[in-house]
Amino acid sequence: MRTLSIVASLLLLLVVGSVGAYGHAFLDRADPRVGSSVSAAPREVSLTFTQDLEAAFSTMEVTDPSGQRVDEGRPRIDGKVMRVPLRADQPGTYRVKWRVLSVDTHTTEGAFSFTVGK
Ligand SMILES: [Cu+2]
C-alpha cells in the first residue's frame with residue numbers, strides 16, 4: 001500500500017512537471033537563424049522566445065571566432081523578443097549564449113552558433 005502511494009505521488013510529480021514545462025520560455029526562432037550561414041556579419045542578434053521575458057534577469061552573450069565578446073551593452077527586451085547589437089566584422093563561427101527568466105519565474109538557457117562567410 002505504501003509503495004503504491006509513493007508510485008502515485010511520483011506519477012503526479014511527473015505530470016505536474018511536464019505541464020509546467022509548457023510554460024517555460026524556449027527559443028522559438030533566432031536571427032541569424034540557429035546553425036545558419038550568413039554572408040555578412042549581422043548588426044544584431046535577435047531571439048524570439050515562447051513566452052514573455054523578465055528584462056532584469058535575461059542575458060545574451062555573443063562571441064566571435066576568436067572568442068571575444070562582440071555583444072554591445074545590455075540586451076533590449078520587448079515582450080518575447082530579446083535583441084543585442086553587435087560590433088562584429090570577421091568571418092567565422094559566432095556563438096550565442098542566452099539565459100532568460102520568463103514571466104512564470106522559470107529560468108532557461110541555451111547556446112547556438114552561426115557562421116559568417118568570407
Ligand atoms: Cu516555466
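Inside segment 71-83, can you point out the residues that are touching a Pro at 6+ places or on another chain (Cβ under 8 Å) and closer than 13 Å to LEU53 by Cβ? Hits for segment 71-83 are MET82, ARG83. Is it the case that segment 62-84 has a residue that's in contact (Cβ under 8 Å) with a residue 40 or more places away in the chain, open to solvent by less than 70 Å² (accessible area, probe 1.4 Å), more than 16 Å from the ligand (Cβ to nearest atom) and of a type in the set (Gly, Ala, Ser)? Looking through segment 62-84, none of the residues is in contact (Cβ under 8 Å) with a residue 40 or more places away in the chain, open to solvent by less than 70 Å² (accessible area, probe 1.4 Å), more than 16 Å from the ligand (Cβ to nearest atom) and of a type in the set (Gly, Ala, Ser). In segment 30-55, how many are without any contact (Cβ under 8 Å) to a residue 24 or more places away in the chain and either part of a loop (DSSP other than H, G, I, E, B) or under 17 Å from GLU109 (Cβ atoms) (or both)? Qualifying residue count, segment 30-55: 1.
Within segment 102-118, the set of residues being of a type in the set (A, V, I, L, M, F, W, C) and within 18 Å of VAL62 (Cα to Cα) comprises ALA111, PHE112, PHE114, VAL116. Scanning segment 94-106 for residues that are open to solvent by less than 70 Å² (accessible area, probe 1.4 Å) and assigned to a strand (DSSP E or B) turns up TYR94, VAL96, TRP98, VAL100, LEU101, SER102.
Results for (1) within 12 Å of the ligand (Cβ to nearest atom); (2) modelled with pLDDT of 95 or more, shown as yes or no for each residue.
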position: VAL19; (1), (2): yes, no
position: ASP31; (1), (2): no, yes
position: SER36; (1), (2): no, yes
position: VAL45; (1), (2): no, yes
position: THR48; (1), (2): no, yes
position: ALA56; (1), (2): no, no
position: MET60; (1), (2): no, yes
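In the set GLY73, GLY67, GLY110, only one residue is assigned to a strand (DSSP E or B) and not hydrophobic (A, V, I, L, M, F, W, C); that residue is GLY110.
The values are calculated or read from the model by the stated rules, or taken from the named source; none is laboratory data. Quantities reported herein were computed from a predicted structural model and do not represent experimental measurements. Reconstructed Cβ throughout: ideal geometry from the backbone, glycine too, with neighbour counts over all protein chains shown. Note: accessible area is taken over every heavy atom of the protein model, side chains too, but ligands, DNA and RNA are not part of it. Shrake-Rupley method; radii C 1.70, N 1.55, O 1.52, S 1.80 Å.
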